[in-house]
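These notes concern the structure reproduced below.
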Amino acid sequence: MADYEQLLLQAEGLLDRKDWSITTLSNAAALLYDALEDLNWAGFYLLREGELQLGPFQGKVACTHIAVGKGVCGTAVSTDRVQRVYDVHEFPGHIACDSASNSEIVLPLHVDGKIFGVLDIDSPSIGRFTEEDEKGLLQFAGILERSLS
């Protein structure tokens, strides 16, 4: 079980700076990948020119472009809602960038009131992400959004 209280304290200390956005996102991906158990990918897709493009991440190589409305990440953008997927193989239109991924959580990120991109976290375990994870990661995303604004 993740210690979100500790993770959020680390995020406040590490990300509460006016660094370049790529620096902030790189450290955020590394922090999540190190702090959370049973992951095979943690990172960001950034909205650019009407599509999601691969940003800083930790894990195996990944898809570089995702259309808005496609897959879990694109659905998170088109609905502007967290997507917590118990089994990605049952998600209509799932994009399998890594065949080892079995569950996923994606959180839209906002800067100045607009979607900036998504935080995407994958696990090789089915059902890895819980309501507690969603709540903790929403708080993490809030810290990140303030740092990026």
TODO: With runs of 4+ DSSP H residues as the only contributors, calculate the mean residue ellipticity of the chain at 222 nm using -39,500 (n - 2.57) per run, divided by the residue total and rounded to the nearest 500.
DONE: -11500 deg cm²/dmol
- [ ] Take the alpha carbon atoms of segment 88-138, find their center, do the same for segment 8-60, and report the distance between the two centers in whole angstrom.
- [x] 13 Å
Task: Contour minus Cα-Cα distance for L138 and D87 (0.36 nm per residue) - done: 16.3 nm
Open item on the list: Straight-line reach only, C-alpha to C-alpha below 21 angstrom: list the lysines that K18 could link to, leaving out same-chain residues fewer than 8 apart.
Closed with: K114
Open item on the list: If the elastic network links every pair of Cα atoms under 10 Å, which of S99, S125, S78 fluctuates the most in the Gaussian network model of the chain?
Closed with: S99
Open item on the list: Per 0.36 nm of contour for each residue apart, how much would the distance between D80 and D34 grow if the chain were fully extended, relative to their Cα-Cα spacing?
Closed with: 13.9 nm
- [ ] Quote to one decimal, in nm, the extra length available between R146 and H110 on full extension: 0.36 nm per residue of separation minus the C-alpha distance between them.
- [x] 12.0 nm
- [ ] Give, to the nearest whole percent, the P(r) tail of segment 5-50 beyond 16 angstrom, counting all Cα pairs.
- [x] 43 percent
Open item on the list: At 7 Å along Cα-to-Cβ for each site, give me the label-to-label distance between K18 and A100 in nm.
Closed with: 4.0 nm
TODO: Among (1) 12, 47, 35, 5; (2) 11, 40, 37, 11, 1; (3) 11, 43, 39, 7, find the value of P(r) over Cα pairs in 10 Å bins from 0, in percent that was calculated from the structure presented, and write down its label.
DONE: (1)
Task: Whole-Å semi-axes of segment 100-149's equivalent ellipsoid (Cα gyration tensor) - done: 23, 11, 7
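Throughout, read-outs are computed from the coordinates displayed, never taken from laboratory work. Keep in mind that this is a model prediction, so the values were computed, not measured. With ideal geometry, Cβ positions are generated from the backbone for all residues, glycine too; neighbour counts draw on all protein chains shown.
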